[in-house]
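The values are calculated or read from the model by the stated rules, or taken from the named source; none is laboratory data. Since the model is a prediction, treat every value here as computed from it, not as a measurement. Quick reminder, even Gly has a Cβ in these numbers, built from the backbone with ideal geometry, and neighbours come from all protein chains shown. Calculation scope for accessible area: heavy atoms of the full protein, side chains included, ligands and nucleic acids excluded. Shrake-Rupley method; radii C 1.70, N 1.55, O 1.52, S 1.80 Å.
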Amino acid sequence: MTHEYGDPFNEQAIAAAVARTLALRNEAPGQSLEVHVEQAVHECICSCAIDIEDSIEHRRSGIHETLVREVSGQVERQLARAEANERNQEVDEASEESFPASDPPGWIWERPSH
């Protein structure tokens with residue numbers, strides 16, 4: 001079902017909420033991820049999709065909950081990938097820095113002649 005003004009929670013809106021969550025996390029790293037996700041969802045998703053539904057249901061609506069869960073999941077996957085890439089980069093860098101130490105000596109051992 002589409003919204004009269006377009007789909008209020010399409011892939012672009014969710015991607016914008018994910019990007020906004022990551023930006024908020026960088027701006028205020030002490031805040032919990034849940035707080036950042038909630039703020040980003042409210043900033044990036046049309047209020048007609050969440051605020052009105054919340055008001056009708058007198059609690060956080062199923063749509064609201066689903067959007068928060070989707071944004072949280074995507075953010076957590078991106079953070080996990082970034083952390084894995086960082087660890088791999090550290091291992092690669094350490095390997096490159098230790099390379100000369102792992103080479104065999106430049107001379108060949110010979111027995112002394114008698």
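Please give, to one decimal in nm, the separation of the simple spin-label points placed at GLU57 and VAL35, each 7 Å out from Cα toward the Cβ.
Going from the GLU57 label point to the VAL35 one covers 2.5 nm.
Length gain on complete extension for the stretch ASN85 to GLU43, per 0.36 nm per residue less the alpha carbon to alpha carbon distance?
Answer, rounded to one decimal: 12.2 nm.
Ignoring ligands, DNA and RNA, please state the percent of accessible area on the range 1-82 from carbon and sulfur, probe 1.4 Å.
The computed percentage sits at 53.
Considering only the other residues whose Cβ falls under 15 Å of the Cβ of ASP51, what net charge follows from Lys and Arg at +1 and Asp and Glu at -1?
Every neighbour counted, the sum reads -4.
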